[in-house]
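J.: What follows is a single structure, and I will ask about it in a moment.
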Amino acid sequence: MKLSDDKDIKRAKIKLTLQYTITTLIIVMLLIVAFYFTFSNSAYKDFDSTLQNRAIAIGTALVGKEESAIEDLKSISGILKNYDLGNESLIILDSNGKILYENLQDQFTLPQNIREGFYTLEGKEGDEQKTIRAYITKLNSTNYYLVVARNYDNLEASLHEVLFSFLFVVPFILLLTIILSYRFASSAIRPIEESVRILKQFTQDASHELKTPISTIKANIEVALMKERNPDYYKEKLETILDSANRMSKLIQDMLFISRLDTGTYPVKVESVFLKDLFMNLKSQFEGLAQSKHVNLSFETEDNLRIKTDKDILEEILSILIENGIAYNKENGFVKIYARKEGNDVNITVEDSGIGIKEEDIPYIFDRFYRGEKSRSRETGGIGLGLSIAKELTNLIGAKISVESKVNVGSKFTITIREVTYELQGSYNRRGA
């Protein structure tokens, strides 16, 4: 789903809420149906068990008499007085189906072939049709059968009450499901909302960053073409145009860099890296910039300290941090880069005496396009991609990056590279202007 504005996000949230609601309701209804059928099956089994136990108990009492006494209705009635038959029907019949005794609560027809076991029979009470459950047992040592039967009226009434209770709570379940689904949908959409917001902000910032140098280039060219000027004037204008072009180039490079990281096409090549050589290379790259900004740039590492990592990626990370340290520094400030060994790890720290970072901004400084101080970022040509790139590159080589900062005091970024091999011989300490 393509989400490009607030309306799209609202539609997505509503659609997701409906999906959550429908899915949850289906699950809840299936659970209710499953519970109801399980409960009803258990109730019917209990009904049968009670009926069977009742028949066995009455049959045991009856077979205590002589077989001839079974035909004595008074004797049978006397025995049955000890049992509260309630809504039960009771029949005693011989093997030929002749009824010797009956006490019927419901009218029903017995099966033609009498066998022991459960039977579901059609009964009638007046004009009302009823379902009768019967259990037939053979009286031990006799040729007689005992039938104990009971209708399902009470059981079905209880089951209907249970079903009604379930149906009664369905509207409340629906309301609760909608509320929870909306919250879940909002929670699921929130990262997308934030991404859309960030992308909108990035579009605005990128447009501003591109518009400013383009306007500068255009204005300088137009002024230079108005009339002939002396060479120094043209040189000044060309330098301004070059600065603006470099600014545009940096923005485009950062965006392409981010694209490569997103597509997973950025290669990683692990090799043995001597930090002394790496620091010397960085010093030659940035000492001119540091001098122009009146910032003291220094490097320090234990001599021949060697680590296993991707040299180009590590150099890119440190370049971003050093460039930021110089750009956001004070006049006559400093940027220190030093490496320390701790066990099998090496910490490489870039420390500066710059403007620092507000405490509330620190959790977000590695987010793409995030800029705590927008006006200062624009002054230095940044749009909030540098630290994000540094963070992703650090993850790419399996390292960690952390930051400590205090406003108007400075910042300290530390890269921790784990599981390294190292050699120590003396100390390397180079300082620049």
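J.: Is it fair to say Gln52 is polar (S, T, N, Q), modelled with pLDDT of 85 or more and surrounded by fewer than 15 Cβ atoms within 10 Å (Cβ to Cβ)? Give the derivation first.
T.: Values: polar (S, T, N, Q): yes; modelled with pLDDT of 85 or more: yes; surrounded by fewer than 15 Cβ atoms within 10 Å (Cβ to Cβ): no.
No: the conditions fail for Gln52.
J.: Only one residue in Phe108, Phe184, Phe166 is surrounded by 11 or more Cβ atoms within 10 Å (Cβ to Cβ) and in contact with an Asp or Glu (Cβ under 7 Å, 6 or more places away or on another chain), so which one is that?
T.: After applying the criteria, what remains is Phe108.
J.: So Phe118 passes all but one of these: (1) exposed (fewer than 14 other Cβ atoms within 10 Å of the Cβ); (2) hydrophobic (A, V, I, L, M, F, W, C); (3) over 60 Å from the mean Cα position of the chain (by Cα). Which condition number does it fail?
T.: (3)
J.: So, one more: Collect the residues in segment 272-313 that are β-branched (Val, Ile, Thr) and in a strand (DSSP E or B), keeping them in residue-number order.
T.: Listed by number, the residues that qualify are Val273, Val295, Thr301, Ile307, Thr309.
J.: If you go through segment 334-356, how many residues are farther than 20 Å from Lys293 by Cα and either touching a strand residue (DSSP E or B) at 6+ places or on another chain (Cβ under 9 Å) or without any contact (Cβ under 8 Å) to a residue 40 or more places away in the chain (or both)?
T.: Residues meeting the conditions: 11.
J.: What number of residues within segment 335-370 satisfy the criterion of being in a strand (DSSP E or B) and surrounded by 20 or more Cβ atoms within 10 Å (Cβ to Cβ)?
T.: Of the residues in segment 335-370, 7 are in a strand (DSSP E or B) and surrounded by 20 or more Cβ atoms within 10 Å (Cβ to Cβ).
The values are calculated or read from the model by the stated rules, or taken from the named source; none is laboratory data. Predicted, not measured: the structure shown is a model, and the values here were computed from it. Neighbour counts run over all protein chains shown; Cβ positions are idealised from the backbone, glycine included.
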